[in-house]
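This report refers to the structure that appears directly beneath it.
The values are calculated or read from the model by the stated rules, or taken from the named source; none is laboratory data. A quick note: this is a predicted structure, and the numbers were derived from the prediction, not measured. No Cβ is skipped: glycine too gets one built from the backbone with ideal geometry, and neighbour counts run over all protein chains shown.
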Amino acid sequence: MTRRDFRSCREIRDEIRTGKTSAVSVMQDTLERIRTFNPEINAFRETFDDEAMAEARKIDERLARGEDPGPLTGVPVGIKDNIATTEGTTTCGSKMLDGYRSPYEATVVTRLREAGAIPVGRTNCDEFAMGSSTETCVHGPVRNPWNTERVPGGSSGGSSAAVAAGLVPATLGSDTGGSIRQPAALCGCVGLKPSYGRVSRYGLVAFGSSLDQIGPLTRTVEDAAIMLDVIAGVDDHDSTSAPEPAAVVELGGGFPEGLRVGIPRQYREPGANEPAVEREVDRAIALLREAGAEIVDIDLPLTETGISTYYVIAPAEASSNLARYDGIRYGHRSTEPSGSVDELYARSRSEGFGPEVQRRVMLGTYVLSSGYYDAYYQRALKVRRLIKNEFDRAFEQCDVLLGPTAPSTAFELGAKPDPVAMYLCDIYTVNNNMAGICGISIPSGTDTEEDGLPIGLHLQAQAFDEKMLLEAAGALETLVGFECSSLEK
Amino acid sequence: MTGPKKNQLSIQEVEKVAKLARLKLNEDQLELYAGQLSSILEHIAELEKLEIEGVEPMAHPIPLNNRLDDDVPGDPMPVDALLRNAPEVVDSFISVPKVLGGES
């Protein structure tokens, strides 16, 4: 009988390396599990059965020859549908890219392979990663494994649901304003958004180029550290990838000595968060204090303004990036008779893009248009600088910031038809992207004891200080003691 | 409410933005987007209250420098892999409607 598997990447790797199991056996089980459990949550859009089995056989052959395929030996990994793979199709959850077969592979996918991991399939996401619930996906909404009437968060909702449901131990997601961390929080898994430039964006379908980062979703902080170590580093194909060497993180060395944890008071405004979310943050603060951390009060007055700033900058960048979808060289082309190329562009784009994408493209076009550029875009870029300065000042007083990842637990499908209400889901995560710092969501507890929904804690650290971030997250993970496999019971 | 409200988009303005964004929208869509975009702009209007005098705009989180590659030939992507995604192909060309002489 097929069962959900809640082992970590490290456990699977170690069992394959020591011969306790084989990569082929792990992959057979994984594909069988996805066939069994995926239909109820729609996390995976497609799987690469033949290619994945062939890769698994190669891993076993290499092990038999005495080789070490790497730190992710035989580990099955899901890839978000906006990251290019040469297997299958890269659709971004959009009709625009229906059937698109990428002629090249994203650098992160190549690096996963080189570390012994096996891409097993593609996970659903909001259309062009625009959304916080994975409901804008053209392939149907993804459902939260904890309660299938609820959303998994977004936009990397397929990636978080796949990990939470025990289908695969790790997936890749992308985060432009919270799209890794918020779904990780709503599904009860770990989601790491690296510093801007830490991970190559080559092969990531561009949304907001100054904001986008690829990162892992896993069940443990240790796995997130292993995955980051594999995918990070400079890449000739991405001129914004940073030369800073990736942080080698060794966890389990006890509580980080002298850790200063900042609590931004704006993350805890009265009535802003659900009571259960507040309770979990309080519990985390108490546990950290008891373990020896210094708790520091932090002022981040621009927290709330972040959403407004973000919804000028991100749509502006999106409207520019998505101009490439014109129905000419690739992507959807309208079959309605078009008298001119201009008409063909407009028809193809209107048919290919869903409502949320159209809304953001128009918003971006508007804030960049003549007469409004200074009032909106230029002004937002100045506020972005102030947001960055605010974080810089905060990190003079503390090593990491702690708060909730999202104000609420997973909401019901269809609960947020108003775009602004949906945008506010990312209130605690967007400023991180604008400043280019790093952040992680770790599961803490559930809102109720019976049939509860998971709650995520959000830690943030300075740009390129993933070492500090992951060490603090690892320590906090041990303190809060969340059981990701409790879904099974 | 008297007169047009600030940060409110009229149907005509949405039509203009849609044209700039190369989107072809019907009446219902124009009306829906006019309402939704207006409520987003209303929310965004809070940015006007901030003091930003003398602040340097920040377009990017890290300093961007031109990175020059050595000019060495690489392996180009195979033409058939690139063309297989094209909606309409004639021989090794991508086919499009007439560009000149159509609608001005």
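Read through the list (1) more than 10 Å from every other protein chain (Cβ to nearest Cβ); (2) under 19 Å from residue A:237 (Cα atoms), then give the number of the only condition that residue B:64 fails.
Exception for residue B:64: condition (1).
With the condition kept exactly as written, say whether any residue in the stretch B:15-36 is among the aromatic types (Phe, Trp, Tyr), more than 8 Å from every other protein chain (Cβ to nearest Cβ) and either touching a Lys or Arg at 6+ places or on another chain (Cβ under 7 Å) or not in a loop (DSSP other than H, G, I, E, B) (or both).
No, the stretch B:15-36 has no match at all.
Residues are listed down the side, and each one gets a yes or a no for (1) surrounded by fewer than 21 Cβ atoms within 10 Å (Cβ to Cβ); (2) farther than 25 Å from residue A:159 by Cβ; (3) more than 22 Å from the chain's Cα centre (by Cα); (4) more than 14 Å from chain B (Cβ to nearest Cβ):
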site	(1), (2), (3), (4)
A:221	no, no, no, yes
A:233	yes, no, no, yes
A:250	yes, yes, yes, yes
A:254	yes, yes, yes, yes
A:258	yes, yes, yes, yes
A:264	no, yes, yes, yes
A:269	yes, yes, yes, yes
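Would you mind stating whether residue A:155 is among the hydroxyl-bearing types (Ser, Thr, Tyr), in a loop (DSSP other than H, G, I, E, B) and within 30 Å of residue A:319 (Cβ to Cβ)?
Against the criterion (among the hydroxyl-bearing types (Ser, Thr, Tyr), in a loop (DSSP other than H, G, I, E, B) and within 30 Å of residue A:319 (Cβ to Cβ)), residue A:155 qualifies.
Quick check: anything in the stretch A:341-353 crowded, with 20+ Cβ neighbours inside 10 Å and within 23 Å of the chain's Cα centre (by Cα)?
yes
I'd like to verify a number: residues in the stretch A:54-78 that are in contact with a Phe, Trp or Tyr (Cβ under 9 Å, 6 or more places away or on another chain) and closer than 19 Å to residue A:10 by Cβ, how many?
Selection size over the stretch A:54-78: 1.
Within the stretch A:325-349, count every residue that is more than 22 Å from residue A:89 (Cβ to Cβ) and among the polar types (S, T, N, Q). Quick ask: steps written out before the conclusion?
Keep residues of the stretch A:325-349 that are more than 22 Å from residue A:89 (Cβ to Cβ), which gives A:336-347.
Still in the list and also among the polar types (S, T, N, Q): A:338, A:340.
Qualifying residue count for the region: 2.
I need the full set of residues from the stretch A:354-385 which are over 27 Å from residue A:136 (Cβ atoms) and either more than 9 Å from chain B (Cβ to nearest Cβ) or over 29 Å from the mean Cα position of the chain (by Cα) (or both), in order please.
A:370, A:371, A:373, A:374, A:375
Can you report the number of residues in the stretch A:309-341 which are free of Cβ contacts under 8 Å to residues at least 40 places away in the same chain and more than 20 Å from residue A:98 (Cα to Cα)?
Total satisfying the criteria: 5.
Only one of these is modelled with pLDDT of 95 or more, over 30 Å from residue A:464 (Cβ atoms) and surrounded by fewer than 16 Cβ atoms within 10 Å (Cβ to Cβ): B:6, B:19, B:24, B:98. Name it.
Details: B:6 fails: modelled with pLDDT of 95 or more; B:24 fails: surrounded by fewer than 16 Cβ atoms within 10 Å (Cβ to Cβ); B:98 fails: modelled with pLDDT of 95 or more.
From the options B:6, B:19, B:24, B:98, the qualifying one is B:19.
Output the residues belonging to the stretch A:306-327 that are facing chain B (nearest Cβ under 9 Å) and over 22 Å from the mean Cα position of the chain (by Cα).
A:323, A:326, A:327
Identify all residues within the stretch B:75-97 that are among the small types (Gly, Ala, Ser) and more than 10 Å from chain A (Cβ to nearest Cβ); write none if there are none.
Result: B:92, single match.
Which of the following residues is facing chain B (nearest Cβ under 7 Å) and at negative phi: A:348, A:340?
Numbers: A:348 fails: facing chain B (nearest Cβ under 7 Å).
After applying the criteria, what remains is A:340.
Among A:245, A:315, A:301, which is the only one that is over 20 Å from residue A:433 (Cα atoms) and either touching a Gly at 6+ places or on another chain (Cβ under 6 Å) or not in a helix (DSSP H, G or I) (or both)?
Checking each option against the conditions leaves just A:245.
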